[in-house]
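A.B. asks: Let me give you the structure first, and then I'll get to my questions.
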Amino acid sequence: MTPTPVGMRCPECSRQKTKVRTAATIRRDPQLTYVLIAINVVAFVAMAASGGGLTGRAGGEVFVNGALFGPAVAAGDWWRIVTGGFLHAGLLHIAFNMYFLYFLGTMLEPEIGKLRFGIVYFVSLLGGSFGALVASPDAVTVGASGAVFGLMGAAILALRARGIDPMQSGLGVTLLLNLGITLFIPNISIGGHIGGLVAGGIVGYLMFEVGERKRGSMAPVLAVCVVLGVALAVGCIAVASSATGV
């Protein structure tokens, strides 16, 4: 046996070099978060370059063809239920949303992985589009706020599932403040924010309260979440068509 810093080891084992892993090396980079931020920024630059401007003046080809608008969705522009979540009406709008996307993504994605994070994001985005169309189908709506609110809801449930009080973490207070802003400041899509929050909350409950706590297979839970996203997409089209009589 050969003495080593970690105790007595056989000669063969003592010659092996074990790579030291720290918390910093184990923690995964939030790569999908960075990709989503990049897509939002590229979309905003394209919107500005096509005539949309940088200070909130809605317009330009990208904005006109990509913003969420009930009559256009009913007429067949189904992609708007997704693309509307990647467009923003001004620098302040995109800066605010991207800050929270970065904050929540760097906290949540390394803990749950790209797949689950992506499902939470896109189901929340569709939930935001559904809520916006229910509340105001004839309004033009843009922004990642629905997806961001969904991430907040899912993150709060993830903290609870791990025995952490969301209010003590500060995330609960952040959600309440943003809900207050949503309700009392004009020109904000209340339906979009609430819809995204509810959708993200449902997905978070399924993933963390049902999937993780019961320690069963995560595959059926993820399948249900995907089905929910598909149902929200179909619901968006149905609500838009019903509101416009198409």
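The values are calculated or read from the model by the stated rules, or taken from the named source; none is laboratory data. Source: prediction; values computed, not measured. FYI the Cβ positions are ideal-geometry reconstructions off the backbone, even for glycines, and counts take in every protein chain you see. Side chains are part of the model used for accessible areas, which takes the heavy atoms of the whole protein and leaves out ligands, DNA and RNA. Shrake-Rupley method; radii C 1.70, N 1.55, O 1.52, S 1.80 Å.
A.B. asks: Which is farther than 21 Å from Glu109 by Cβ, touching a strand residue (DSSP E or B) at 6+ places or on another chain (Cβ under 9 Å) and not charged (D, E, K, R), of Val140, Val230, Val134, Val239? So that I can check it myself, show each step before the final result.
C.D. replies: Values: Val230 fails: touching a strand residue (DSSP E or B) at 6+ places or on another chain (Cβ under 9 Å); Val134 fails: touching a strand residue (DSSP E or B) at 6+ places or on another chain (Cβ under 9 Å); Val239 fails: touching a strand residue (DSSP E or B) at 6+ places or on another chain (Cβ under 9 Å).
So the residue among Val140, Val230, Val134, Val239 that is farther than 21 Å from Glu109 by Cβ, touching a strand residue (DSSP E or B) at 6+ places or on another chain (Cβ under 9 Å) and not charged (D, E, K, R) is Val140.
A.B. asks: Got a sec? Which helices (runs of 4 or more DSSP H) wholly within the stretch 15-86 have at least 2 residues that are modelled with pLDDT of 90 or more and open to solvent by less than 90 Å² (accessible area, probe 1.4 Å)? Spell out the reasoning first.
C.D. replies: Working: elements: 23-26, 31-47, 61-66, 70-74, 80-83.
Helices (runs of 4 or more DSSP H) meeting the threshold: 31-47, 61-66, 70-74, 80-83.
A.B. asks: Among the residues of the stretch 183-228, which ones are assigned to a helix (DSSP H, G or I), small (Gly, Ala, Ser) and surrounded by fewer than 19 Cβ atoms within 10 Å (Cβ to Cβ)? Before the answer, list the steps.
C.D. replies: Initially, the stretch 183-228 is screened for residues assigned to a helix (DSSP H, G or I), giving 183-184, 190-212, 218-228.
With the extra rule that they be small (Gly, Ala, Ser), the set shrinks to 191-192, 195-196, 199-201, 204, 211, 219, 223.
Ala219, Ala223 - these are the residues of the stretch 183-228 that are assigned to a helix (DSSP H, G or I), small (Gly, Ala, Ser) and surrounded by fewer than 19 Cβ atoms within 10 Å (Cβ to Cβ).
A.B. asks: OK, next. Exactly one of (1) under 18 Å from Val73 (Cβ atoms); (2) open to solvent by 10 Å² or more (accessible area, probe 1.4 Å); (3) not hydroxyl-bearing (Ser, Thr, Tyr) is unmet by Gly127. Its number?
C.D. replies: (2)
A.B. asks: If you don't mind, another one. Output yes when any residue across the stretch 139-153 is at pLDDT 95 or above, open to solvent by less than 40 Å² (accessible area, probe 1.4 Å), within 15 Å of the chain's Cα centre (by Cα) and farther than 16 Å from Gly195 by Cα, and no when none is.
C.D. replies: Among the residues of the stretch 139-153, not one is at pLDDT 95 or above, open to solvent by less than 40 Å² (accessible area, probe 1.4 Å), within 15 Å of the chain's Cα centre (by Cα) and farther than 16 Å from Gly195 by Cα, which makes the answer no.
A.B. asks: Within the stretch 99-106, does at least one residue satisfy the condition of being aliphatic (A, V, I, L, M), open to solvent by 40 Å² or more (accessible area, probe 1.4 Å) and either farther than 16 Å from Leu175 by Cα or assigned to a helix (DSSP H, G or I) (or both)? If you could, list the steps in order and put the result at the bottom.
C.D. replies: To start, the set of residues in the stretch 99-106 that are aliphatic (A, V, I, L, M) comprises 101, 104.
Those still in the list that are open to solvent by 40 Å² or more (accessible area, probe 1.4 Å) too: none.
Taking every residue of the stretch 99-106 in turn, none turns out to be aliphatic (A, V, I, L, M), open to solvent by 40 Å² or more (accessible area, probe 1.4 Å) and either farther than 16 Å from Leu175 by Cα or assigned to a helix (DSSP H, G or I) (or both).
A.B. asks: Looking only at the stretch 110-119, count every residue that is within 17 Å of Ile39 (Cα to Cα) and open to solvent by less than 40 Å² (accessible area, probe 1.4 Å) and tell me the total.
C.D. replies: Taking the stretch 110-119 and keeping what is within 17 Å of Ile39 (Cα to Cα), we get 114, 117-119.
Still in the running and open to solvent by less than 40 Å² (accessible area, probe 1.4 Å): 117-119.
Residues in the stretch 110-119 being within 17 Å of Ile39 (Cα to Cα) and open to solvent by less than 40 Å² (accessible area, probe 1.4 Å): 3 in total.
A.B. asks: Taking the criterion of being closer than 20 Å to Leu222 by Cα, out of contact with any His (no Cβ under 6 Å at 6 or more places or on another chain), open to solvent by 20 Å² or more (accessible area, probe 1.4 Å) and not in a helix (DSSP H, G or I), would at least one residue in the stretch 159-179 satisfy it? Even if it seems obvious, please write down each step before you answer.
C.D. replies: As a first pass, look at the stretch 159-179 and keep what is closer than 20 Å to Leu222 by Cα: 159-162.
Applying the additional criterion that residues be out of contact with any His (no Cβ under 6 Å at 6 or more places or on another chain) yields 159-162.
If we keep only those that are open to solvent by 20 Å² or more (accessible area, probe 1.4 Å) as well, we get 159-162.
Retained after the next criterion (residues that are not in a helix (DSSP H, G or I)): 162.
Yes: the stretch 159-179 contains one or more residues that are closer than 20 Å to Leu222 by Cα, out of contact with any His (no Cβ under 6 Å at 6 or more places or on another chain), open to solvent by 20 Å² or more (accessible area, probe 1.4 Å) and not in a helix (DSSP H, G or I).
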